[in-house]
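Since the structure comes first, as structure tokens, the remarks are kept for the end.
All of the numbers you see were taken from the coordinates with simple rules; none came from a lab. The shown structure was predicted, so the numbers you read here are calculated from the model rather than taken from an experiment. Glycine gets a Cβ as well: all are built from the backbone with ideal geometry, and neighbour counts include every protein chain shown.
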Amino acid sequence: MLRVLAYNGGRIASYMLAGGVAGGIAGAGMLHIATLQVAGYWLANLMLVALGLYLMDAWRGLARVEAAGNVIWRRVRPLLKPLMPMDTPFKALAVGALWGWVPCGMVYSALLTAMLQGSALQGAAAMGAFGLGTLPMLFGMGLLGTRLRAQLQRRPVRIASGVLVLGFGLLGLLRAANGVSLGWLDALCVTGHP
């Protein structure tokens, strides 16, 4: 259990570092933040729609985005060799920290949200929240391994997950299209209003 916790701590720390960099770039004025926030809000919700379709196996476009991220992963992968086998909490922490840089469409959409926060601290906090949100499933997978993974790969589970994520994306797009607060809809939106 200690190794699973250490692994996930390293993974979340790397997410927070990436979120801090993304939020810091936007906050430092390297990007025109107001325009970026509006465009980014649309893009973040379009990413949720794409992710929902990807989870349902209705569209495989995010696989191309993940393939583009393999450039980074090819540089990180050799660093894992001395950390295997992952038999100590320190090795697990280090592997988790490196694993946070694995190409993943879901992480990319969360990073976009982190960038829209406009500061390094808030970007890191957004990615920390994303990482904590993934913790229950990944912690369970770490403890239950292949039995849980097989259940998550079942088509009905993937479709239900995809419909949920797709729904959040569509609600966000509806909110963006109206340009105003929609009351009850605000409670369901994942990202802040532009």
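Worth pointing out:
- Compared with the direct C-alpha span, the chain from Leu132 to Ser119 gains 2.7 nm at full extension, assuming 0.36 nm per residue.
- With only Cα atoms counted, region 2-127 has Rg and Dmax values of 15.8, 48 Å.
- Rounded to the nearest whole Hz, the Karplus-based 3J(HN,Hα) values (6.51 cos²θ - 1.76 cosθ + 1.60, θ = phi - 60°) of region 84-95 follow the sequence 9, x, 7, 9, 10, x, 5, 4, 5, 4, 5, 5, with x at glycine and proline.
- Extension gain for Val102-Leu46 works out to 18.0 nm (0.36 nm per residue, less the C-alpha to C-alpha distance).
- Estimated FRET transfer efficiency (Leu80, Asp57; beta-carbon r; R0 35 Å; 0.05): 0.75
- Projected label points at Ile25 and Asn70, each 7 Å from Cα along the beta carbon direction, are separated by 2.2 nanometres.
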